[in-house]
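The values are calculated or read from the model by the stated rules, or taken from the named source; none is laboratory data. The structure displayed is predicted, hence computed values, not measured ones. FYI the Cβ positions are ideal-geometry reconstructions off the backbone, even for glycines, and counts take in every protein chain you see.
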Amino acid sequence: MEQVKDVCKDAFERSNFRLARRPAYLRVDLDVLLNNLKILKGLLNQHTEIIAVVKANAYGHGAPQVARFLEKHGISHFAVATALEGEELRTAGVHCNIQIFGNASEDEIPPMFENRLIPTAADIHFLSQWLRYWRERQRNTLGVEVWR
């Protein structure tokens with residue numbers, strides 16, 4: 001029976017190589033990811049928040065799927081590189097905080113606002129444009145944190 005399992009596994013591996021059209025591919029084991037998350041949480045203070053970085057499609061592993069899985073298991077903050085990546089997570093049903101790690105441009109303010117994304121403001125000009133956009137829409141809270 002073990003030989004049959006090995007043959008099936010080998011055939012499965014070969015078919016995945018063909019699908020990927022390259023000599024290597026990566027399969028994400030969500031049970032291992034969950035175990036790693038539990039280990040990490042065990043090492044941290046219970047009040048420490050984890051920000052899961054899922055930019056570049058979770059480094060090619062499927063950002064929406066990974067983010068939804070992690071959200072179900074207590075992660076409440078994600079980081080992406082662009083507003084478009086954040087919008088993709090919102091469209092896929094991710095509800096918690098999504099922060100844009102890269103420098104955001106003024107053109108990205110409307111989609112960030114509409115998708116409740118958190119920008120990283122690298123200069124005062126962007127921050128003033130962000131605040132003006134919020135005020136024009138009469139939002140009560142700005143959610144601005146200043147780091148020195």
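Quick notes
- Evaluation of LYS72 against the conditions (1) touching a residue at least 12 places away in the same chain (Cβ under 8 Å); (2) within 14 Å of the chain's Cα centre (by Cα) shows that the sole unmet condition is (1).
- Residue satisfying condition, being touching a strand residue (DSSP E or B) at 6+ places or on another chain (Cβ under 8 Å) and aliphatic (A, V, I, L, M), within set ILE39, ILE124, ILE50: ILE50
- Across region 45-87, the number of residues qualifying as surrounded by fewer than 18 Cβ atoms within 10 Å (Cβ to Cβ) and touching a Pro at 6+ places or on another chain (Cβ under 8 Å) comes to 1.
- Within region 69-113, tally of residues that are at pLDDT below 95, over 26 Å from TYR133 (Cα atoms) and charged (D, E, K, R): 0
- Identity of the residue in region 75-103, of a type in the set (S, T, N, Q) and more than 11 Å from the chain's Cα centre (by Cα), that ends up farthest from THR120 (Cα to Cα): THR91
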